[in-house]
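Note sheet for the following structure.
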Amino acid sequence: MLSVLPVINYIKDKALSLRLPPSQRMAPPEGESPLQKVLKENALRGRDILGIKDLSAQEIMLIIETAQALKEHKFDETQTLFAKGQSLVMLFEKPSLRTRITFEAGMTQLGGHAINMEGPLGVREPVSDVGKNVARWVDGIMARTFLHSTVEELAASANIPVINGLSDLEHPCQALADFQTILEQKPALKGLKLVFVGDGNNVANSLMLLAAKVGTNFTLACPEGFEPNAELLNIAKAEASISGAKIEITHNPVEAVKGADVIYTDVWVSMGEEACKDEKMKAFTDFQVDGKLMQLAKPDCIFMHCLPAHRGEETAAEVIDGAQSVVYDQAENRLHAQKAILSLIL
């Protein structure tokens with residue numbers, strides 16, 4: 001009888017040589033699972049997550065703490081109960097790597113199922129009809145859209161939870177994963193200095209709001225004319241007056257990053273802005289995060305980017321690929337933060 005040991009040893013050696021990542025397969029927990037409390041948490045059950053604007057500081061921390069627990073016990077089979085038998089439809093008007101994969105993998109790991117649909121909303125039929133139909137078939141909607149009003153219309157017409165996977169106004173899932181990442185790197189959120197260098201876009205809006213609510217100081221360094229949404233800026237300043245955070249807008253990136261604990265940037269030209277690419281590239285010439293700019297921050301400052309990145313434009317390769325960069329930790333935490341949202345609202 002032939003021995004299978006040589007084959008087994010070959011497979012093991014091959015896996016080690018390729019440095020393959022561990023399997024994502026879950027297993028029964030040892031003893032009582034520390035995640036059971038997720039099923040008992042009802043503070044957000046049935047809620048829409050359309051933006052950081054709509055969440056309290058306590059609700060934000062609930063999501064982040066749940067994400068931390070899910071990540072710490074990522075192989076705990078108990079997680080497969082949190083969306084067992086439930087379905088999520090994912091509506092994409094924009095291309096996606098991180099949002100698409102993390103929501104679909106997240107639903108699978110929670111014991112549920114995700115359905116992907118791509119294409120413009122409101123063309124074949126009104127957005128409200130899409131919401132009313134989908135609500136008869138599934139348990140939740142995640143939409144990645146151009147207009148924020150599209151997400152709001154879906155939420156108004158569907159009597160099931162709706163999650164904003166990205167709109168032109170906010171990117172709440174990204175901001176929640178980002179602050180989970182910051183908390184992994186820093187002892188506390190309150191009192192930190194987060195500096196966003198670049199466009200006052202949807203990511204900057206959500207980061208600004210979240211920072212204001214949890215007591216993180218936030219500075220946006222942008223060219224004139226590229227400030228964050230005025231309404232959200234006013235909300236952030238009002239929230240900061242309660243939490244003790246400082247919210248600042250400046251047009252000087254060199255002054256902005258001094259004493260920073262976190263420096264964050266994003267692409268200068270977002271999807272849908274291709275027509276104004278030349279104008280924006282010219283306006284943002286002096287706003288690249290390079291090694292010289294990073295040196296003006298604290299020695300233990302971390303670099304963040306929501307990805308995809310354009311090396312040589314908004315950031316230098318030496319920074320995004322350097323020792324201070326945590327961009328792939330951010331990307332991983334999209335999975336855990338979104339699993340936390342799904343676990344808490346479905």
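The values are calculated or read from the model by the stated rules, or taken from the named source; none is laboratory data. Note that the structure is a prediction, hence the values are computed from the model and not measured. As a convention, Cβ positions derive from the backbone with ideal geometry for all residues, glycine included, and neighbour counts pool all protein chains shown.
Out of Ala236, Ala211, Ala256, one residue alone is hydrophobic (A, V, I, L, M, F, W, C), within 22 Å of Val319 (Cβ to Cβ) and under 21 Å from the mean Cα position of the chain (by Cα). It is Ala211.
Residues in the stretch 70-85 that are over 17 Å from the mean Cα position of the chain (by Cα) and either surrounded by fewer than 17 Cβ atoms within 10 Å (Cβ to Cβ) or assigned to a helix (DSSP H, G or I) (or both): Glu72, His73, Lys74, Phe75, Glu77, Thr78, Gln79, Thr80, Leu81, Lys84, Gly85. Of all residues in the stretch 259-293, those being within 20 Å of the chain's Cα centre (by Cα), among the aliphatic types (A, V, I, L, M) and over 27 Å from Glu93 (Cα atoms) number 2. Pairing each residue of the stretch 269-285 that is on the phi < 0 side of the Ramachandran plot with any residue that is not in a loop (DSSP other than H, G, I, E, B), provided the two are 6+ apart or on different chains, yields C-beta distances under 8 Å for Val269/Cys276; Val269/Lys277; Val269/Lys280; Val269/Met281; Ser270/Asn202; Glu273/Lys280. Here is the figure for the stretch 303-324: residues that are farther than 21 Å from His171 by Cα and either in contact with a Ser or Thr (Cβ under 8 Å, 6 or more places away or on another chain) or among the polar types (S, T, N, Q) (or both) total 2.
Mind listing whichever residues of the stretch 32-51 are in contact with a His (Cβ under 9 Å, 6 or more places away or on another chain) and within 20 Å of Arg334 (Cα to Cα)? Once the filter is applied, which keeps residues that are in contact with a His (Cβ under 9 Å, 6 or more places away or on another chain) and within 20 Å of Arg334 (Cα to Cα), the stretch 32-51 yields Leu35, Leu50, Gly51.
Can you tell me which residue in the stretch 310-346 is nearest to Glu41 (Cα to Cα), limited to those that are small (Gly, Ala, Ser) and out of contact with any Cys (no Cβ under 9 Å at 6 or more places or on another chain)? For the stretch 310-346, the residue satisfying everything is Ser343. Looking at this structure, is Thr99 part of a helix (DSSP H, G or I), touching an Asp or Glu at 6+ places or on another chain (Cβ under 9 Å), of a type in the set (Ser, Thr, Tyr) and crowded, with 21+ Cβ neighbours inside 10 Å? No, not satisfied. Kindly indicate whether Val289 is surrounded by 17 or more Cβ atoms within 10 Å (Cβ to Cβ), touching a Leu at 6+ places or on another chain (Cβ under 6 Å) and not assigned by TED's automatic domain parsing to the domain that holds Leu97. So Val289 fails the test.
Asp261 satisfies every condition listed in (1) at pLDDT below 95; (2) of a type in the set (Asp, Glu); (3) in contact with an Asp or Glu (Cβ under 9 Å, 6 or more places away or on another chain) except (1). Count of the stretch 306-329 residues, restricted to those that are within 22 Å of Glu104 (Cα to Cα), out of contact with any Asp or Glu (no Cβ under 6 Å at 6 or more places or on another chain) and buried (at least 17 other Cβ atoms within 10 Å of the Cβ), is 2.
Among the helices (runs of 4 or more DSSP H) confined to the stretch 110-198, the ones with at least 2 residues that are assigned by TED's automatic domain parsing to the domain that holds His305 and not β-branched (Val, Ile, Thr) are located at 172-185.
Within the stretch 22-60, track down each residue that is out of contact with any helix residue (DSSP H, G or I) (no Cβ under 7 Å at 6 or more places or on another chain) and assigned to a helix (DSSP H, G or I). Correct list: Lys37, Lys40, Asp54, Gln58, Glu59.
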